[in-house]
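A short write-up of the structure that comes next.
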Ligand code: 5AD
Ligand code: SF4
């Protein structure tokens, strides 16, 4: 089928026609199993349907062995959720008999696991697809797939269908477990296979995973987001909030502890909404953390928090310390109550500061980091100044900072914007200067102190130096034996830089106070 015919068939499908009246061809197979167009309209209409839990996932027998003699390569863009989805897809590939490869030139299947959060994230993917066009010309048998958040966007799917003919398959964030079927379809049809479900609501357990390391692991606790901040595409690309059952999470963390993992990060787009969708019990993130902290694993983190749902019970539990680290990532987005209102963040500057005050009172040595967007539509100089003043007032140790990027289909994208790009860039620079200043200040406090470091491996720049992170996520480089990799060691800080610390390992036997 050529491109024109394919587009005609989609049109037929979109119109609810399963056969093309002109040619008499039957396109029902596209309607049923192949072409399910993504739709923002559907995403917005989602209701409160019951969450279904599937605990019996297994790879279809008929597809096992599909990957014999074949290699896969996955390039991941964006957040930890995507990184973790890549681990699941790697698990599925390996279960089908594929082998991993680090080189696109060696791969028989190439997947781009994409991010839609800002325009530049999307542009990187389109650029990469451009490069892959040559590879496809040289080797037409290689399968190229696009998955992740961009695939959930109708406009992206249409653009790929129209322009990027080197792509063989597009599948969405709710279709990952269908990877074996999608691959099979792509091998059989040699036409672009598109499977993107707007409907979500299911939680699938027991998916295979090949984790990227054996020191730190990610564990999903919930999926999706129902907050609908006016700038954000995530509630559309990731669907509605649905939580995994506590027993499944606890069992996964216990298994990871038994396998020797040292650090777990609990993942969700809005982890503080954990459990809100349970109809049979009142159980939130505080309750979950209170159980997980009893598991014998040295460090537990969670990300990402929404200030609105950060409740007193959670603070109480975090204050128990132990393996619950005292690093709180708490995205604020703006220091102006007016901008926060337009963003639909559902808290004011004062409420945010009150939450920080409460957390600091309960956990005096807590460190805070945040996410900030500058140049929101019509943001004034005064409103931006409020962001700077809030940054100082909280005393963040670091931040991810962004220029607002309009995302199609979100309410903010329809807003008139009177802030010129140069002004947005200037604001970002001023904010980043402040971020650097406070980061350097926070680092200086470590000079001469002893910190606990989870050693992850050799430093990227120097194989003679080891690198790891403190409980508060500070990067530490130090000279030490390779046997320390994967372990918690004590390091005395000899030099504090803006973004990292240098130090020397302290003998096991020395009694020191650890920060
Ligand atoms: N433009 C700029 N930044 C955004 N973020 C989310 N959506 C946008 C957007 N449209 C930022 C927020 C969020 C982080 C993950 O990305 O700060 O917390
Ligand atoms: Fe996006 Fe807001 Fe949900 Fe975070 S809480 S994922 S910023 S909609």
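The values are calculated or read from the model by the stated rules, or taken from the named source; none is laboratory data. Just so you know, these numbers come straight off a predicted model, no measurement behind them. Because the Cβ atoms are built from the backbone with ideal geometry, glycine has one as well, and the counts that use them run over all protein chains shown.
Observations on the model:
- Set 122, 83: member being assigned to a helix (DSSP H, G or I), within 16 Å of ligand 1 (Cβ to nearest atom) and in contact with a helix residue (DSSP H, G or I) (Cβ under 8 Å, 6 or more places away or on another chain): 122
- Among the residues listed as 491, 512, the single one being outside the structural domain of residue 379 (by TED's automatic domain parsing) and in a strand (DSSP E or B): 491
- Helices (runs of 4 or more DSSP H) contained in segment 168-263 and holding at least 1 residues in contact (Cβ under 8 Å) with a residue 12 or more places away in the chain, within 16 Å of ligand 1 (Cβ to nearest atom) and buried (at least 22 other Cβ atoms within 10 Å of the Cβ): 234-237
- Applying the set (1) touching a residue at least 40 places away in the same chain (Cβ under 8 Å); (2) over 20 Å from residue 212 (Cα atoms); (3) surrounded by 15 or more Cβ atoms within 10 Å (Cβ to Cβ) to residue 486 leaves exactly one unmet item: (2).
- When residue 429 is tested against (1) at pLDDT 95 or above; (2) out of contact with any strand residue (DSSP E or B) (no Cβ under 6 Å at 6 or more places or on another chain); (3) at positive phi, exactly one condition is not met: (3).
- Residue selection: residue 89 satisfies the criterion of being touching a helix residue (DSSP H, G or I) at 6+ places or on another chain (Cβ under 8 Å) and crowded, with 18+ Cβ neighbours inside 10 Å.
- Residues of segment 331-342 classified as surrounded by fewer than 22 Cβ atoms within 10 Å (Cβ to Cβ) and closer than 27 Å to residue 451 by Cβ, total: 1
- Within segment 313-324, residues that are in the same structural domain as residue 365 (by TED's automatic domain parsing) reach partners that are surrounded by 13 or more Cβ atoms within 10 Å (Cβ to Cβ) and part of a strand (DSSP E or B) with beta carbons closer than 6 Å, at six or more positions or on different chains, in the pairs 318/324; 323/299; 323/300; 324/300.
- Out of 352, 347, one residue alone is at pLDDT 95 or above, within 15 Å of ligand 2 (Cβ to nearest atom) and in a loop (DSSP other than H, G, I, E, B). It is 347.
- Screening the candidates 406, 463 for the property of being under 26 Å from residue 373 (Cβ atoms) and outside any helix (DSSP H, G or I) yields one hit, 406.
- Condition check for residue 419: at pLDDT 95 or above, surrounded by 14 or more Cβ atoms within 10 Å (Cβ to Cβ) and in the same structural domain as residue 260 (by TED's automatic domain parsing): yes
- Test: residue in segment 398-405 that is in contact with a strand residue (DSSP E or B) (Cβ under 8 Å, 6 or more places away or on another chain), away from ligand 2 (no atom under 16 Å from the Cβ) and in the same structural domain as residue 432 (by TED's automatic domain parsing): yes
- Residue in segment 278-293 that is closer than 28 Å to residue 172 by Cβ, within 16 Å of ligand 1 (Cβ to nearest atom) and part of a loop (DSSP other than H, G, I, E, B) present: no
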